Amino acid sequence: MARYIGPKTKIARRFKDPIFGSDKYYEKRSTVPPGQHGNARRRTKQTEYAIQLGEKQKVKYTYGVLERQFYKIFEEAVRRKGVTGENLIKFLEARLDNTVYRLGLAPTRAAARQLVGHRHITVNGKVVNISSYTLRPGDIVAVREKSKSVEVIVNSLANSNVKRFNWLSWDSSSLTGTFLSLPERDQVPENIKEQLIVELYSK
């Protein structure tokens with residue numbers, strides 16, 4: 001199975017963080033651990049390795065990245081100048097599916113991957129259907145002309161709670177966005193402790 005398609009609220013409760021976005025079921029049961037017995041289930045103290053592994057799994061679920069993909073991104077983060085953990089987050093944010101989500105064209109990253117896969121999105125005027133495509137500063141992401149009436153896109157853009165980010169510009173009249181630069185770590189809102197992942201891979 002290439003992608004996790006099981007109950008997402010269960011995963012969010014495991015990490016005690018709504019990593020898949022707004023979830024009314026998570027809000028109701030966020031204080032109760034997943035599993036049949038909930039809080040009654042005996043839980044031992046986590047080891048250092050378990051905490052580091054859990055953080056990596058959390059980031060993989062958040063961005064919808066498989067293990068092999070994730071490790072390749074980490075290797076690239078190590079090769080680049082700067083702080084490895086921050087580089088890792090920057091490269092994850094530069095993925096096309098994540099950018100489509102950040103621009104407000106889809107309500108979730110999973111929905112954004114589907115839009116990309118179904119050829120609704122263009123980069124610099126050309127259709128790109130690879131969700132892991134890495135954007136570079138100056139790249140223009142847009143909705144194909146014949147896809148501008150797609151229900152998912154229309155409904156997502158109609159959401160008044162769509163956030164805008166400093167490393168992206170958005171033109172609502174033409175449904176185009178520009179990837180201005182790689183984001184700084186403090187601009188990314190996700191609750192991620194990337195240093196734990198660096199420590200895990202450094203063992």
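Taken together, the values in this text are just the output of simple stated rules run on the coordinates, not laboratory data. Note that the structure is predicted; figures quoted are calculated from it, not measured.
Our Cα-only numbers for the range 59-118 put the radius of gyration and Dmax at 12.1, 36 Å.
Using the structure shown, select from Lys56/Lys81; Lys163/Lys203; Lys81/Lys148 the pairs with a Cα to Cα distance greater than 32 angstrom.
Details: Lys56/Lys81 22 Å; Lys163/Lys203 37 Å; Lys81/Lys148 39 Å.
In this structure, Lys163/Lys203; Lys81/Lys148 lie more than 32 Å apart at Cα.
Over the range 78-150, the Kirkwood radius and the radius of gyration, each from Cα atoms, give a ratio Rg/Rh of 1.02.
Using every Cα-Cα pair within the range 76-203, state what percent have a distance larger than 27 Å. Within the range 76-203, distances greater than 27 Å cover 20 percent of Cα pairs.
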